[in-house]
Each structure stands twice: as C-alpha cells, then as structure tokens.
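Participant: The following block contains the structure, expressed as structure tokens.
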Amino acid sequence: MYSTFATIIIPAIVVFVTTFYSTRFLIRYLFGAGIIAEDINKAKPVRLPSSGGVGVVFGMVFGILLYIFGTSFVFNPVLDIASLLAVALSISLVAFVGFVDDINVKAEKVKSTDIMDIREGLKQWQKPILTLVGALPLMAINAGTSTISLPFIGVVHFGLFYPLLLIPLAVVFVPNAVNILGGFDGLQPAMILVASGGLMLYEIIFGVGTSAYMGAFLAAMLFSSVLAFFPYNRYKARIIPGDSFTYAAGAGLAAIMIMGNAEAFGIVIFMPWILEFFLHARRKFKVRDLGVLQKDGTMKAPYGKKIYSLCHLVMNLKRKPVETDVTLWLTMLEVAFVVLAFGMKLSGLL
C-alpha cells in the first residue's frame, strides 16, 4: 500500500513543481513570441500570453514518464507501460490541436465566435476532426473496459463498440465541450481541479484493481498540474489557459474515465459541460460566453434574458455580477455535481 501511494504522490509533487516553473517561463516566452490573447473583461483590455496549457501538458507527461522511469530502476511496475504511453500520446496530440488554434493571432481584430478578437483560431468543424486523432492511441491498445454500469439502466456490455465507437466519441466530445466553457479568470482551471479531484477520490474510495490505480494516478497528474497552473490564471490572470489547456484537460478527463473504468461517475460530474454544449448548440455554437462590461465593472448578459451559456445564466441570476462571481458560481456548480455523483454512488445508482 505504501509503495502504491508513493508512486502516485511523488510523481504528483514533481508534476506540480515542473508545471509551476515551466508556466513561469512560458509567460515571458509566449508573450515575446506573440502568442497572445486579449482579456476584454477588464476596464482597460489587456493582452496576455496565451496557450498556458503547454506547461500543464508538459507537467502531466513528465509525471507519466517519471513513473515509467521508476519502473526501470526503482520499483516493479503495477501499471501497464504501453497504456501509460498511449495516454501520454493521446493527451499530447489533442493538446497540439489546441496549440495550433492558439497561435493563429492576427495583427488586426477579426470576427471570431460572435466577438471581435485578435485570435481567429481553427474553424468549428475542424476541431472535432483533428481531435479525433487523439483517440487512436487509446483505440490501438483497446483501452478501458467494455462493460459499464449506467445509472437507471444497469450493466451494459458494449463489446467492440467500446474501443471503436465510444472511445473516439469521448476523446472528441470531452475536450471540445471543456473548450466552449470559459473566458473568465480562473474558471477553467478551477472547474478542472474539482472534476479531477472528484475522480481521484472516486478511484481511491470505490475503485477496484489495477484500473483504480491507473485512474487515481492519472487524476493525480492532472490535478497537480492544474493546481500549479491555477495561481497564474486566477484573478487577475497573468496568462490565458488557451485551447491547449482546455483540450489537454479534456483529454485528461476522458483518459481518467476510460482507463479508470469511471465512465458513469464521470458523466455525472461532467454535466456542467454537457449542459453548456447543448446551450451553445441552440445558437449553432456561435456564442460568446463573455458578458458586456459596464462602467461600474459589472457584467451584463450579452443576449439579454436569452441563455446560451451557463455564464449567461449566472449573469441573469446574480444582481450586478462581476467576473469573479461567474468563476465562483460555476465552480460551485461543479462541486454540486461531484457531490451528487458520490451520493448516487453511495445510494447504489452508479
């Protein structure tokens, strides 16, 4: 037991340190390279380095490789090395798609996702196609377990449909869904911290066998990396997460659910992003989550009483909301769904 937890805790600490200092380096480097985004939520719009997810990915992959290194010289491997490498490759490929989206910075503002922005990015239809590549490593090793216990339905055996259909759907949907909810300081890393922390606790408490160890390990890598990144993105942010962050974090969540056999639990805690997906779909994904900044520093919902995002819902419910209100409310919403998921598990619904 000591060895098991040590091989999670030690890489997690190294991941935290690696991400913290690599992000500090990236703040200077990305800004100098012109990979920037404009924060229009402030009274005076400010340009910040973007694509902070590069540091998060570097930290996560470094942690996975550290475990693999340890199996060669320190301890006997419990986790399958091929599976770990497949996960690292999957996250890296999906994150690369986000990075490509981040680096398309224009000298002049252009119309992008219903707002004028200096970053144009990939077209909406290109993103799911490109992220599909990230599913190939997990499909190749036939990752996960094809038997899933679904709420209110029971145990379902998916057979070959699991690696050939469900895995690519998950790897495409989860990162793209995470990507559409954001735009406020600290929002994306805060929600990912709650989700990955919930998955880690689930695997430790309820997980069985090697899949639980794998899920807990991957969740710890994601949690530690995002925790190290969070101080740089909390209000007032010094770096923008960018699509490299949202895509990498989404791919990480998908990998945890698949490899840790936590799909049913994961669906429940992922509900805020699922709701956001359907809200955006009502306007054919041509939606801005950002509010209209008022002279007193508060925000007004961009489409009035029409709700096309959970962010719009907060702006309509909260009297004179400010940027930190949106982050706090939606983070607490994610906490509520994590608590709900644990409640469903304890009551036998999961």
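Participant: Which residues' amide hydrogens lie under 5 Å from the amide hydrogen of residue 37, considering only partners 5 or more residues apart or on another chain, with H built in the peptide plane?
Facilitator: Under 5 Å from the amide H of residue 37: 48, 50.
Participant: Just flag the trypsin sites (Lys or Arg not before Pro) in the range 1-54 sitting in loop per DSSP whose Cβ has no more than 16 other Cβ atoms within 10 Å. Intermediate results must be reported in sequence, preceding the final value.
Facilitator: On the way: sites: 24, 28, 42, 47; in loops: 42.
Filter output for the range 1-54: 42.
Participant: Turning to a different aspect of this structure: So for 299, 139, fewest C-beta neighbours within 10 Å to most, what's the order?
Facilitator: Working: 299 22, 139 17.
In order of increasing Cβ crowding within 10 Å: 139, 299.
Participant: Oh, and also: In this model, which of 295/320; 42/236; 44/305 are farther than 18 Å apart at the alpha-carbon? Can you show the working numbers first?
Facilitator: Values: 295/320 11 Å; 42/236 9 Å; 44/305 26 Å.
Violating the 18 Å Cα-Cα cut-off are 44/305.
Participant: Work out the length of the dipole vector of the chain about its Cα centre, built from +1 on the beta-carbon of each Lys and Arg and -1 on the beta-carbon of each Asp and Glu, and round it to the nearest 20 debye. The partial results should precede the final answer.
Facilitator: Working: 27 positive and 19 negative charges, 265 e Å.
It comes to approximately 1280 debye.
Participant: Which of the listed residues, 155, 98, 251, is farthest toward the dipole's positive end in the chain, when Lys, Arg count +1 and Asp, Glu count -1 at the beta-carbon?
Facilitator: Checked the options; the winner is 98.
Participant: For the ranges 208-218, 239-249, 30-40, 287-297, what's the packing order if you count other beta-carbon atoms within 10 Å of each residue, average per peptide, and put the highest first? It would help to have the intermediate numbers written out before the result.
Facilitator: Values: 208-218: 20.5, 239-249: 30.3, 30-40: 18.4, 287-297: 16.5.
Top of the packing list down: 239-249, 208-218, 30-40, 287-297.
Participant: Follow-up. Over what distance in Å are the Cα centres of the range 311-350 and the range 69-108 separated?
Facilitator: 29
Participant: Separate question: Quick one: what are the phi-derived ³J(HN,Hα) couplings along the range 67-78, Karplus 6.51/-1.76/1.60 with θ = phi - 60°, whole Hz, x for glycine and proline?
Facilitator: The phi angles translate into 4, 5, 4, x, 5, 7, 10, 10, 9, 6, x, 9 Hz.
Participant: Beta carbons within 10 angstrom, averaged per residue: use that to sort the peptides 87-100, 273-286, highest first. Working shown, then result.
Facilitator: Values: 87-100: 24.8, 273-286: 15.4.
Per-residue Cβ counts within 10 Å, averaged per peptide and sorted highest first, yield 87-100, 273-286.
Participant: Could you work out the relative contact order of the range 2-346? I mean the mean sequence separation of Cα pairs under 8 Å and 6+ apart, divided by the number of residues, in percent. Walk me through the numbers on the way to the answer.
Facilitator: Numbers: 599 pairs, mean separation 75.8, N = 345.
The normalised contact order for the range 2-346 reaches 22 percent.
Participant: Another one. Quick one: Karplus J couplings for the range 244-255, per residue in order, coefficients 6.51, -1.76, 1.60, θ = phi - 60°, nearest Hz, x for Gly and Pro?
Facilitator: Computed from phi, the couplings for the range 244-255 are 4, 6, 4, 5, 5, 5, x, 5, x, 4, 4, 5 Hz.
Participant: Which value, in debye to the nearest 20, gives the size of the charge dipole of the range 224-331 about its Cα centre, when Lys and Arg are +1 and Asp and Glu are -1 at the Cβ?
Facilitator: On the way: 15 positive and 7 negative charges, 141 e Å.
Charge dipole, the range 224-331, about its Cα centre: 680 debye, nearest 20.
Rule-based calculations on the coordinates, nothing more; no lab input. This one's a predicted model, so the numbers in the text were calculated from it and none came from an experiment. Cβ sites come from the backbone with ideal geometry, for glycine too, and all protein chains shown count toward neighbours.
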